[in-house]
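To keep things clear, I will list the structure first and then write my remarks on it.
Where a number appears in this text, it was derived from the coordinates with a stated rule and is not lab data. The shown structure was predicted, so the numbers you read here are calculated from the model rather than taken from an experiment. Reconstructed Cβ throughout: ideal geometry from the backbone, glycine too, with neighbour counts over all protein chains shown.
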Amino acid sequence: MTPRDSATEKGLQAELTRGLRGRRALVTGAASGLGRAMADALTESGTTTFYADIDEGKATSAAKSAGTAASPLGIDVTDLASVRRAFGQATADGPLDILVCSAGISRANWIEEMQIEEWDAVLRTNLTGAFLCCQAAVPGMLQQKWGRIVNVASIAATWAPRPKRFDGGYNYSASKAGVLGMTVRLAVELAPHGITANCISPGIMQTPLTKHALEDPDTRKAAVDSIPMGRLGEPDDLCALLLFLCCDGSSYLTGQNIVIDGGYSLW
């Protein structure tokens, strides 16, 4: 494997991060997992980054580890007042340039057993939460006629994931399909204003959301066997794509759903 500090990788990193230095970014779900990896990647690339999460303690720890350009931000994306308060803090010194909606939860259950509370909790966090954050970020982007919105969807939006341990995610799949549809609308309506909106759809990743399921050896083996690349995804696998979607070089790319799954969806 090529060392991370090789000249080739440095050159690629420089191209991906062209124009990111000095930008202002907010990442939801940034205390751990995919959100933290993406927030760290943005911070390392020169953005001033708000690590927004419902767990403000963990967000504070994550931001502290990232350095002085990172700030923690408590937010409950399901609560309008909380979103408005958090975005008010984040935009006190100017509009956001980049919004990454990564906050998400899962509450799987069989269709005949799923409670309305389980359904609502996932839709409110994964879909309504993304909507509220986009709604809060867009006015400032419109004002400056530049912006990058990246919503984290999932292969579950369009495929029923294997193995069987992942059955029952009706609410999760519906929420992520909704994120895809919302992002297309954002892309079309915001394009004339210099704002792009795209989705990243991860495959089976090793994150706190999947930790419990993947601790089962049979489930883990079945998951790996379903991926042509023969390994589970890592949060860092999303970062190069994220940086590209946020940089100047992606200004003509909008309304897309880009799948990163090691080939899982190709079977």
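Excluding residues fewer than 8 places away in the same chain, name every one of the aspartates and glutamates whose C-alpha is closer than 18 Å to that of LYS64.
Those aspartates and glutamates meeting the cut-off are ASP40, GLU44, ASP53, ASP55, GLU56.
In nm, give the distance between the simple-model label positions of GLN144 and GLN256, each being 7 Å from the Cα along the Cα-to-Cβ direction.
2.4
Could you give the nm distance between label points at LEU266 and TRP119, where each point is 7 Å from its Cα heading toward the beta carbon?
With each label point 7 Å from Cα toward Cβ, the separation is 3.7 nm.
Over all distinct Cα pairs, what is the inverse of the mean 1/r for the chain, reported as the Kirkwood hydrodynamic radius in Å?
On the way: mean 1/r = 0.0535 Å⁻¹.
Roughly 18.7 Å, rounded to one decimal.
Give me the one-decimal Kirkwood hydrodynamic radius in Å for segment 24-105, with the sum taken over alpha-carbon pairs. Please list the in-between numbers first.
Working: mean 1/r = 0.0835 Å⁻¹.
Value: 12.0 Å, from the Cα pair sum.
Using helices alone, I'd like the mean residue ellipticity at 222 nm for the chain: each DSSP H run of four-plus residues gives -39500 (n - 2.57), total over residue count, nearest 500. If you can, show how the numbers build up before the last one.
Working: 10 runs with 110 residues, N = 267.
The helix-only estimate for the chain comes to -12500 deg cm²/dmol at 222 nm.
Which residues does a label at TRP159 reach in segment 239-267, if reach means a backbone N under 19 Å from a point 7 Å past the Cα toward the Cβ?
It comes to 239, 241, 256-267, nothing else.
Fewest Cβ neighbours within 10 Å first, please rank TRP146, TRP119 accordingly. Before the final figure, lay out each step's value.
Numbers: TRP146 19, TRP119 16.
By the 10 Å Cβ count, ascending: TRP119, TRP146.
Could you work out the relative contact order of the chain? I mean the mean sequence separation of Cα pairs under 8 Å and 6+ apart, divided by the number of residues, in percent. Write out the running numbers ahead of the final one.
Details: 522 pairs, mean separation 50.6, N = 267.
Once divided by the residue count of the chain, the mean separation gives 19 percent.
Can you give the FRET efficiency to the nearest 0.05 for ALA213 and ALA177, using r as the Cβ-Cβ distance and R₀ = 25 Å? Intermediate values should be presented prior to the final figure.
Numbers: r = 21 Å, r/R0 = 0.84.
Once rounded, the FRET efficiency stands at 0.75.
When we measure straight from the Cα of LYS221, which lysines land under 28 angstrom away, once same-chain ones fewer than 8 places off are left out?
Within the straight-line limit of under 28 Å, LYS221 reaches these lysines: LYS164, LYS176, LYS211.
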